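Any read-out appearing in this document is the output of simple, stated calculations on the displayed coordinates, not a laboratory observation. Just so it is clear, the model here is predicted, and its values are computed rather than measured. Heads up, the Cβs are rebuilt from the backbone with ideal geometry, glycines too, and the neighbour counts pull from every protein chain shown.
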Amino acid sequence: MAGGRQTLGAVITGLRTRNGWTLKEMSERCGIPVSTLSKVEHDRLSLTYDKLLQVSERLNIGIADLFVEEENTAPATVMGRRSIGSIERAVRVDTDNYEYYYLCTELRHKRMVPVISRIHAESLEQFGELVRHSGEEFIYVVDGEIIVHTEFYDPIQLKAGESIYIDSGMGHAYVCAPGFKETTIVSVMSSAEEDLSSLIHEAGQQITKKTVKKRAPRKA
């Protein structure tokens, strides 16, 4: 864990270790090849969100619970919980189009999942196919400007300080507006499912049928 930030590799390793599984056993349970799991655990690959969804569904746990540390055993019915989030403590997941920072990951059974995202895709062509998933999502633009592409509406441009709330089942994609190489958004996802047993996707995720290499560190 570099700089106090938990990586996806550490999350997957912790999940496997807590259950006493070998790489082969976990591979058989979640359907991810052994070679891929090994690279993820060593932070040489990142999983795309369809693969995270696959892991959560096959292991019968919510995606938010993938990121929870073992010592947290508070039941979902406990009220009065709180969590202070910071990007330094966030779980980072990288894809070609985005850097995702999952916040407040120590809480289980969340009804919402907060994420800070840095968008790198500069066009819909670069982004790829529109994504769709259960639930709803709220997006707030922190800096820069983005273009919101949706299945049923014309593209709309949002600048810093503006926001959008959508039905996540509608195909959608978020890309940088012309003239911007990178933008930052805060997103909050909720699910129509009562127990959040499936993945609560971060808005604008790129769903593919393969794992995606982690982005190389950006030069200062």
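When the chain is fully extended, how far beyond the present Cα-Cα distance does SER163 get from ARG82, taking 0.36 nm per residue of separation? Between SER163 and ARG82, full extension yields 26.7 nm more. If you take the Cα centroid of segment 82-103 and the Cα centroid of segment 160-177, the two points sit 18 Å apart. Neighbour counting of Cβ atoms within 10 Å sorts the residues TYR101, TYR140, TYR165, TYR174, fewest neighbours leading, into TYR165, TYR140, TYR101, TYR174. Set the Cα radius of gyration of segment 94-135 against 2.2 N^0.38 Å, with N its number of residues, and you get 1.42. Ranked for footprinting exposure by Cβ neighbours inside 10 Å, fewest first, LYS110, LYS39 give LYS39, LYS110. A crude spin-label estimate for the pair ARG44 and GLU57, with each label 7 Å from Cα along the Cβ direction, gives 2.9 nm.
Residues MET189, MET112 in ascending order of nearby Cβ atoms (within 10 Å, fewest first): MET112, MET189.
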